[in-house]
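First the structure, in the form of structure tokens, and then the observations on it.
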Amino acid sequence: MLDYYFPAALAPEITSGRKNRIIAVLPASGKMPAIGNRVQLYCGSGKKDRVLIAQGRLCAVQPVLLWGDLMAVDGRDLTTAQAEAFAQAQGHDSFAQLQAWCRQQHAFPFSGYAAQWEARPIPIQTHLF
């Protein structure tokens with residue numbers, strides 16, 4: 001079971017299925033999650049303030065490497081246009097915004113994975129949404 005955390009502002013996008021992917025760092029084991037793994041999607045940043053908003057299963061997982069202005073996904077170097085499209089598909093406004101997020105949240109070069117869960121996760125009923 002994988003837990004992913006999002007800002008509360010993204011809850012409607014996640015529960016509607018419009019946001020169904022994330023870029024994440026590799027776990028301590030260094031192994032990427034497998035297709036079919038269950039995911040729990042939370043709003044909040046930690047154990048005390050998290051709220052479970054949806055559950056689902058992974059349907060796609062790809063390794064991601066980002067260093068400077070260069071990006072590789074699934075072992076293929078992306079062109080500038082492909083990197084821009086990839087960043088936007090992940091929910092960022094631009095590749096530059098994805099780079100800034102990676103610099104702020106993680107060290108460069110960034111080594112992780114892109115995960116996508118089924119388009120319509122099972123929403124969890126909560127009084128917050």
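Accessible area of H106 (1.4 Å probe, protein heavy atoms only, ligands and nucleic acids ignored): about 50 Å². Just the protein heavy atoms count here, and of the accessible area of the chain at 1.4 Å, carbon and sulfur take up 54 percent. Using only side-chain charges placed at the Cβ, +1 for Lys and Arg and -1 for Asp and Glu, the dipole size of the chain relative to its Cα centre rounds to 480 debye. Quick one: in region 19-80, what % of C-alpha pairs are over 15 Å apart? So the portion of pairs separated by more than 15 Å is 64 percent.
Ordering M71, M1 by accessible surface, largest first, gives M1, M71; the 1.4 Å probe counts only protein heavy atoms, with every chain in place. Computed over neighbours whose Cβ is under 11 Å from that of A89, the net charge equals +1, Lys and Arg +1, Asp and Glu -1. Would you please give the FRET efficiency between D49 and A85, computed as 1/(1 + (r/R0)^6) with r the Cβ-Cβ distance and R0 = 22 Å, to the nearest 0.05? The calculated FRET efficiency here is 0.05.
For the chain, the per residue solvent-accessible surface stands at 57 Å², with DNA, RNA and ligands left out and a 1.4 Å probe. Measuring max minus min along each principal axis, the C-alpha atoms of the chain give extents of 43, 28, 26 Å (largest first).
The values are calculated or read from the model by the stated rules, or taken from the named source; none is laboratory data. Just so we're clear, the structure is a prediction, and the values are computed from it rather than from any experiment. Here the Cβ is made from the backbone with ideal geometry for all residues, glycine too, and neighbour counts use every protein chain on show. Quick note on the areas: whole protein, heavy atoms, side chains included, nothing else; ligands and nucleic acids left out. Shrake-Rupley method; radii C 1.70, N 1.55, O 1.52, S 1.80 Å.
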